[in-house]
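Single-structure report; data block below.
The values are calculated or read from the model by the stated rules, or taken from the named source; none is laboratory data. Note that the coordinates shown come from a computational prediction; the quantities given were computed from them, not determined experimentally. Here the Cβ positions follow ideal geometry from the backbone for every residue, glycine too, while neighbour counts run over all protein chains shown. SASA here: full protein model, heavy atoms, side chains in, ligands and nucleic acids out. Shrake-Rupley method; radii C 1.70, N 1.55, O 1.52, S 1.80 Å.
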Amino acid sequence: MSSTIGELSAVELTAAIRSKEISAREALDDHLQRISDVNPVINAVVTLNAEGARALALNADQLTASGAELPPLHGLPMTHKDTNNTAGMRTTQGSLALRDFVPDADDLIIARLKSAGVVSTGKSNVPEFGAGSHTFNELFGTTTNPYAPALSAGGSSGGVAAVVASRIQAIGDGSDMGGSLRIPASFCNVVGFRPSTAVIPMPSDVNAYAWLGRTGPMARSVEDIALFMSVTAGSDARVPYPAALNPQVFRDSLETDMRGVRIGWSRDFGIGVPVEPEILKHLERQLAVFEDLGAVVEEATPDFSEADLVFGNTRAMDFAAGLGPILERSGDVIKPEVHWNVNKGLALTAQDLIETAAARTRLERGVQEFFGRYDLFASPCAQVLPFDAALRYPASVAGVESETYLDWMRSACLLSATGLPVLSVPAGFSKAGLPIGLQLAGNHYSDMQLLRWGRAFEQQTGYAAVAPSIASVPVPEEKLSSASA
């Protein structure tokens, strides 16, 4: 067992609680103490219900003592992304327009986590309405990076990435439309996973067929990602997609043999996407890890020539459908980037939508042609290293000026347009000690195999085990004592 509770993985911590080595209350006390110690620096936790969490942890310990069957995430403390509705707990989406909103029902991913035994403690920060991959808003301010607290933690799941990296909690729930699980994972040296379509369903009153946005996990190990998926995946009657993956698949072995696995690597996605040179040089050195495992790595890419169109128009339509009514009511307090995205969606014509559908069809054909030759696609996760947290977004990338707030996120957005499952894994550090992530994509519904390949890389490198100095808060030895009945 690790020397501190905060260093334990979700698999290790739930096992320790189950075996009574640690009580749920001790795990919660450590979680709350770390929030107290670290949050003043990184500003990741924006809502906290310590007393409610203590009641839940007490109930968890009573269930442990009763000898009853325990759920998979029994006693695990967790804050939730503030874009995910939590019943009875403020959910603001980082907006002044929703500063006092308290939902009366949990979003499906939260409901499943609670059913799995999670002790919900609060909410983590997001950019307003999850728009953009840098976490700041007028309501709570800016979340910063545990590895360099003057720099960005990424977004929109930046608060989640920061609490996981800083050892406040082992895993967290996030969401990803244009890289919101992957870019903060890259910035904060954790694992972020965007599953295949509807593997974790996202019920919606606006568009039950929406496919671009996903919910998914963040953790410090692929093993914990699989555990999270095993309790949150599975069909839902409100979402008209077939149950493509049984959640039980995520309990299968993560062991794999990479001999003969064919990997296509691209520096620029074949369309000149700018990436900072240091990131490219570093990642290309990391590809040798796969070759040492027996994989074949070649320069190759799917045809992404129409992916920008597919992503941009689909995102705009989703923003207009979901946020248009809120903008009408409270537009004066909502940031300009959201206005721009909603207005773009409202301006789409029938011809635009026809062209988008045709482009998505051609994009899918190109993706399947690629996977007819390769098993895995590897690419830079983020185009830039973590940047000054005082910025709204980088003004340029590798000398190329950013025209919109999305341009520096294209490395993630392009893969979102394909609908593929995508994993960001820690791949080391820059010369200045800033995290760099590698982005891996598999074919549709190859989610578990993708996790296996990611874990193979993780086991060879061990980068996620390198904690930020902000996480080195000493924990009294007595917190590791056996739980009392």
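For segment 100-145, the set of residues classified as within 16 Å of the chain's Cα centre (by Cα) and of a type outside the set (S, T, N, Q) consists of Ile109, Ile110, Leu113, Lys123, Val126, Pro127, Phe129, Gly130, Ala131, Gly132, His134, listed by residue number. The residues of segment 427-461 that are basic (Lys, Arg) and either over 19 Å from Arg285 (Cα atoms) or modelled with pLDDT under 95 (or both) amount to a single one, Arg452. Considering Ser166, Ser180, the condition of being within 10 Å of the chain's Cα centre (by Cα), modelled with pLDDT of 95 or more and not aliphatic (A, V, I, L, M) is satisfied by Ser180 alone.
Within segment 310-365, being aliphatic (A, V, I, L, M) and over 24 Å from Pro127 (Cβ atoms) holds for Ala350, Leu353, Ile354, Ala357, Ala358, Ala359, Leu363.
If the condition is being more than 25 Å from Ala150 (Cα to Cα) and surrounded by 18 or more Cβ atoms within 10 Å (Cβ to Cβ), then segment 32-55 contributes Asn49, Ala53. List the pairs whose first member sits in segment 91-107 and is assigned to a loop (DSSP other than H, G, I, E, B), whose second member is surrounded by fewer than 14 Cβ atoms within 10 Å (Cβ to Cβ) and at pLDDT 95 or above, and whose Cβ atoms are under 7 Å apart, counting only residues at least 6 apart or on separate chains? Close Cβ pairs (under 7 Å, with a partner that is surrounded by fewer than 14 Cβ atoms within 10 Å (Cβ to Cβ) and at pLDDT 95 or above) amount to Thr91/Phe101; Thr92/Phe101; Val102/Gly88.
Residue check: is Leu73 crowded, with 18+ Cβ neighbours inside 10 Å, in a helix (DSSP H, G or I) and either at pLDDT below 95 or under 23 Å from the mean Cα position of the chain (by Cα) (or both)? The answer is no for Leu73.
Scanning segment 394-407 for residues that are within 24 Å of Thr314 (Cβ to Cβ) and without any contact (Cβ under 8 Å) to a residue 40 or more places away in the chain returns Pro394, Ser402, Glu403, Asp407. Filtering segment 13-31 to residues that are touching a helix residue (DSSP H, G or I) at 6+ places or on another chain (Cβ under 9 Å), open to solvent by 20 Å² or more (accessible area, probe 1.4 Å) and assigned to a helix (DSSP H, G or I) leaves Arg18, Arg25, Glu26, Asp29. A Cβ distance below 9 Å, combined with a sequence gap of six or more or placement on separate chains, defines the contacts here; from segment 366-377, residues that are within 17 Å of Ala295 (Cα to Cα) and open to solvent by 10 Å² or more (accessible area, probe 1.4 Å) reach residues that are basic (Lys, Arg) and assigned to a strand (DSSP E or B) in the pairs Arg373/Arg262; Tyr374/Arg262; Asp375/Arg262. Within segment 264-281, is even one residue surrounded by fewer than 19 Cβ atoms within 10 Å (Cβ to Cβ) and over 23 Å from Tyr374 (Cα atoms)? There is at least one residue in segment 264-281 that is surrounded by fewer than 19 Cβ atoms within 10 Å (Cβ to Cβ) and over 23 Å from Tyr374 (Cα atoms).
Note on segment 188-235: among residues that are open to solvent by 10 Å² or more (accessible area, probe 1.4 Å) and acidic (Asp, Glu), the one that is farthest from Ala15 (Cα to Cα) is Asp205. Listed conditions (1) open to solvent by 60 Å² or more (accessible area, probe 1.4 Å); (2) assigned to a helix (DSSP H, G or I); (3) more than 30 Å from Phe140 (Cβ to Cβ) are all met by Glu328, apart from (3). Scan segment 47-60 and report the pairs whose first residue is in contact (Cβ under 8 Å) with a residue 40 or more places away in the chain and whose second residue is part of a helix (DSSP H, G or I) and of a type in the set (Gly, Ala, Ser), with Cβ atoms within less than 6 Å and a gap of 6+ or a chain change. From segment 47-60, the pairs are Ala57/Ala24; Ala60/Ala24.
Condition check ((1) over 18 Å from Lys335 (Cα atoms); (2) out of contact with any strand residue (DSSP E or B) (no Cβ under 9 Å at 6 or more places or on another chain); (3) crowded, with 24+ Cβ neighbours inside 10 Å; (4) touching a residue at least 40 places away in the same chain (Cβ under 8 Å)) across all residues:
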{"residue": "Gly122", "(1), (2), (3), (4)": "yes, no, yes, yes"}
{"residue": "Thr135", "(1), (2), (3), (4)": "no, no, yes, yes"}
{"residue": "Leu139", "(1), (2), (3), (4)": "no, no, no, yes"}
{"residue": "Leu151", "(1), (2), (3), (4)": "yes, no, no, yes"}
{"residue": "Gly154", "(1), (2), (3), (4)": "no, no, yes, yes"}
{"residue": "Gly159", "(1), (2), (3), (4)": "yes, no, yes, yes"}
{"residue": "Val164", "(1), (2), (3), (4)": "yes, no, yes, yes"}
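Restricting segment 383-418 to residues that are assigned to a loop (DSSP other than H, G, I, E, B) and of a type in the set (Gly, Ala, Ser) leaves a set whose member that is nearest to the chain's Cα centre (by Cα) is Ala389.
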